[in-house]
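This report concerns only the one structure given below.
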There are 2 protein chains.
Amino acid sequence: MGRIVVVGSGFSGGILARKIAEELDRPVTVIEKRRHIGGNMYDEYDEHGILIHRYGPHFLNTDDWSVMEFLQQFTALVPRCAKFYSVIDGKYVRLPYNFETVQQLIGPEKAAGLLPKLRKSFPGGGRVPVSALVEHPDEDIRNYGVLLFEKAYRTYTSKMWGLQPEQIDRSVLDRVPMAMNYDERYLNKDFQFLPEKGYTELFKNMLAHPNITVRLGDDALRHIGFSGGEAVYDGEPVECLIYTGPIDELFGCRYGRLPYRSLDIRYEYFDRESMQPSMMVSYPQAAGYTRTTEYRKVMPDDSGVSGTVIATEYPVAYDPESGTGMQPYYPVITEDSGRLYKKYEDLAKRYENLFLCGRLADYKYYNMDACILHTLERFGVVKAYLEGKKR
Amino acid sequence: MGRIVVVGSGFSGGILARKIAEELDRPVTVIEKRRHIGGNMYDEYDEHGILIHRYGPHFLNTDDWSVMEFLQQFTALVPRCAKFYSVIDGKYVRLPYNFETVQQLIGPEKAAGLLPKLRKSFPGGGRVPVSALVEHPDEDIRNYGVLLFEKAYRTYTSKMWGLQPEQIDRSVLDRVPMAMNYDERYLNKDFQFLPEKGYTELFKNMLAHPNITVRLGDDALRHIGFSGGEAVYDGEPVECLIYTGPIDELFGCRYGRLPYRSLDIRYEYFDRESMQPSMMVSYPQAAGYTRTTEYRKVMPDDSGVSGTVIATEYPVAYDPESGTGMQPYYPVITEDSGRLYKKYEDLAKRYENLFLCGRLADYKYYNMDACILHTLERFGVVKAYLEGKKR
């Protein structure tokens, strides 16, 4: 039996390492480029005692309780529902854009005419992509859709992705649908939790297994090669290489760089108890930045903290050489990037001992719950492969 | 043309007086027993600069924009949505009891089994009376209904009404239904507002009409009599007597007292910015009191206020002779009281110039919006009567 190497210690790498170590009782080495575990879920207490998610706010949201059940092995979870406002035309309005937002944007008198139409067109109080409003046959609904799209979606999207909405994949735009009721939860998932002591603690416990060795601050790409139809590590054969980083970089970007988006996050401390009316505020119309997070409002327990920190997100292109966008966050899914990804995916398929997993390697905009579920599924494939080799 | 007298200056008396004065251009005298206008909507600033609703929290809620449009003649309205928590088994849980409350009361793991059943049984995310759960064919739904009923409804009802739930009219219990979604608004009405400068200001403006004379601190019952098939005032004939007080007292309680419920409200000031997590908190299991209101959270503008006041409601029987329950708030609608009311109603019908209107006189548990709409309708009847007399 050869070596098993996992590249990356976010949810994909962390979960696969743990499952291999525990269920298959095999030694695993986790190689992590950064000086900490947990990928972009990494959090830490700042000098004011406030627990900061260093790579932007992460909320666990799912309709599938099994996701939370899985995580509960490694940490206590506490209910914490992501709440947002959006600032439009200088006023706080509700996000998700819902029936309250309708009243806030067009006034209650006009809303009195529009709400019955929305209820009739979209019964059941679900969430509806803004495109369904923009393309609706009813003129009032269409007008509202256009207003919302122009005031919120177009400007936000162009900042967030550096692209016009028409250029980005529809699935990305549809991630922030309108709620056809008064639901105030940013995401309409039944189970919304945070790890009681933070994500880093969760990952620490997940990776705390005698079969797991973690190597921080080591760039796996300097070790990985391909030889004889197999991925190799330091020129030596490995039984299984699991890679969770950007797929293009695994192959030296030979077909060109896949676009990923990054965030430049700036922090400001205020000697006050509260700075904004919700944990997060979205600024579709502001110059440069998209969102602010007040982490004190996110923390499960802020007792003993005084003052508050606002983290402001400036989306930037991912560029490992740059000073600001050094970590990849989101795949920028467009027609072009989809085609390019496909080429890398086909290339990866040539190596039987290579397994890709996660947002960066699969080039898919997974939420955390989808990432966890997908990784557990992926483990089934890895397991079958490893057991097949043993026989 | 004879005299027009209106007894009471709440929404029923206030609106009818205004409409008669303005639309019919007739002089009206408003007789108010208390030393202030506005009935139980009366509010005033306390010594800390906090605007207190002296007879318990009043939120304007309606699905009918015309109600707000009508009120806007007299005051600016600002959006303000009533938000509650309920304390059950020592924990804050969401009120309205909704899907979040399900998770809070039975835990997310069990909720993961129950929520899909609730969604299937009650599609559309509406509000459902607790009785529909208690009597449901599915055992899990029924068990949850019973749990909710026993932990929240039974105890609250018995305190609130001084009766067991079985004794009170179903419509009263059904006033606090469960939300089959995550709606956090206490009432599921589209338009939720407060008068920007308070209710007293609203009533002041409503009654500020050259045709209206208001007499405060005068008990109309000492003036009203019945003679020759007509209501009379100080022994003199009146063209029209509009009465908005308790119907039984109008007739000297001759068939016995109709039960009304009252509140004994106690105030406590705290030198803190905030005392509770929502404007109002419901305590179904507490001894004696039902709700607390933190008025600073209710006020449209609390800038410049320091400290906060908690008002605690102790429901008591209405008894004009008692020290605590001197104002009638709610009709206690039961089979017995319904029969008794009917006798008074039949009696009132004998007097052509007598018009009853409002919660106390109609013995109906109107919300403010229903009261306003009903009063506007009642005005049509009064108008037809007065114009008929003129012809």
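The values are calculated or read from the model by the stated rules, or taken from the named source; none is laboratory data. Note that the structure is predicted; figures quoted are calculated from it, not measured. Backbone-built Cβ (ideal geometry, glycine too); neighbour counts: all protein chains shown. Surface areas here come from the heavy atoms of the whole protein model, side chains and all, with no ligands, DNA or RNA. Shrake-Rupley method; radii C 1.70, N 1.55, O 1.52, S 1.80 Å.
Only residues that are within 19 Å of the chain's Cα centre (by Cα) and among the hydrophobic types (A, V, I, L, M, F, W, C) were counted across the range A:127-162, and they come to 2.
When only residues in the range B:36-93 that are in a helix (DSSP H, G or I) and among the small types (Gly, Ala, Ser) count, which is least open to solvent (accessible area, probe 1.4 Å)? Please lay out each step first, then the result.
Step one: list which residues in the range B:36-93 are in a helix (DSSP H, G or I), which gives B:39-41, B:65-71.
From what's left, among the small types (Gly, Ala, Ser): B:39, B:66.
Working: B:39: 7, B:66: 53 Å².
Out of the qualifying residues, it is B:39.
What are the residues in the range B:377-391 that are surrounded by 15 or more Cβ atoms within 10 Å (Cβ to Cβ) and aliphatic (A, V, I, L, M), if any? Residues satisfying the conditions are B:382, B:386. Of all the residues in the range B:180-197, those that are outside any loop (DSSP other than H, G, I, E, B), out of contact with any Asp or Glu (no Cβ under 9 Å at 6 or more places or on another chain) and either more than 11 Å from every other protein chain (Cβ to nearest Cβ) or closer than 19 Å to residue B:152 by Cα (or both) number 1.
Residue check: is residue B:215 closer than 24 Å to residue B:363 by Cβ, open to solvent by 60 Å² or more (accessible area, probe 1.4 Å) and modelled with pLDDT of 95 or more? Here the answer is no, as residue B:215 does not meet what is asked. Selection of first residues in the range B:215-240 that are more than 23 Å from residue B:383 (Cα to Cα) and of second residues that are part of a strand (DSSP E or B) and open to solvent by 50 Å² or more (accessible area, probe 1.4 Å), restricted to Cβ pairs under 8 Å at least 6 apart or on distinct chains, gives the following pairs, ordered by first then second residue: B:235/B:227. The requirement of being under 30 Å from residue A:202 (Cα atoms) and either in a helix (DSSP H, G or I) or in the same structural domain as residue A:200 (by TED's automatic domain parsing) (or both) is not satisfied by residue A:131. Would you check if residue B:346 is open to solvent by less than 30 Å² (accessible area, probe 1.4 Å), modelled with pLDDT of 95 or more and of a type in the set (Asp, Glu)? Against the criterion (open to solvent by less than 30 Å² (accessible area, probe 1.4 Å), modelled with pLDDT of 95 or more and of a type in the set (Asp, Glu)), residue B:346 does not qualify. Within the range B:228-241, the set of residues being open to solvent by less than 60 Å² (accessible area, probe 1.4 Å), in a strand (DSSP E or B) and out of contact with any Gly (no Cβ under 7 Å at 6 or more places or on another chain) comprises B:230, B:231, B:233, B:240, B:241.
If only one of A:107, A:113, A:125 is at pLDDT below 95, under 21 Å from residue B:189 (Cα atoms) and either surrounded by fewer than 18 Cβ atoms within 10 Å (Cβ to Cβ) or within 11 Å of chain B (Cβ to nearest Cβ) (or both), which one is it? Reasoning before the result, please.
Numbers: A:107 fails: at pLDDT below 95; A:113 fails: at pLDDT below 95.
Within the list A:107, A:113, A:125, the selection yields A:125.
In the range A:353-366, the residues that are open to solvent by less than 10 Å² (accessible area, probe 1.4 Å) reach residues that are among the aromatic types (Phe, Trp, Tyr) and in a loop (DSSP other than H, G, I, E, B) with C-beta atoms within less than 9 angstrom, at least six apart or across chains, in these pairs: A:358/A:366. I'd like to know if the range B:174-197 contains one or more residues that are farther than 21 Å from residue B:283 by Cβ, polar (S, T, N, Q) and buried (at least 20 other Cβ atoms within 10 Å of the Cβ). Yes, that holds for at least one residue.
Is there a residue in the range A:277-287 that is touching a Phe, Trp or Tyr at 6+ places or on another chain (Cβ under 7 Å), outside the structural domain of residue A:45 (by TED's automatic domain parsing) and among the small types (Gly, Ala, Ser)? Before you say what the answer is, go through the steps one by one.
So the first thing to find is which residues in the range A:277-287 are touching a Phe, Trp or Tyr at 6+ places or on another chain (Cβ under 7 Å), and the list is A:277-278, A:280-284.
This time we only want the ones that are outside the structural domain of residue A:45 (by TED's automatic domain parsing), so: A:277-278, A:280-284.
When the remaining residues are screened for being among the small types (Gly, Ala, Ser), the result is A:278, A:282.
There is at least one residue in the range A:277-287 that is touching a Phe, Trp or Tyr at 6+ places or on another chain (Cβ under 7 Å), outside the structural domain of residue A:45 (by TED's automatic domain parsing) and among the small types (Gly, Ala, Ser).
Candidates are the residues of the range B:198-209 that are farther than 20 Å from residue B:45 by Cα and outside any helix (DSSP H, G or I); the one that is least open to solvent (accessible area, probe 1.4 Å) is B:209.
Inspect all residues belonging to the range A:268-276 and state whether any of them is hydroxyl-bearing (Ser, Thr, Tyr) and either buried (at least 22 other Cβ atoms within 10 Å of the Cβ) or within 14 Å of chain B (Cβ to nearest Cβ) (or both). Looking through the range A:268-276, at least one residue is hydroxyl-bearing (Ser, Thr, Tyr) and either buried (at least 22 other Cβ atoms within 10 Å of the Cβ) or within 14 Å of chain B (Cβ to nearest Cβ) (or both).
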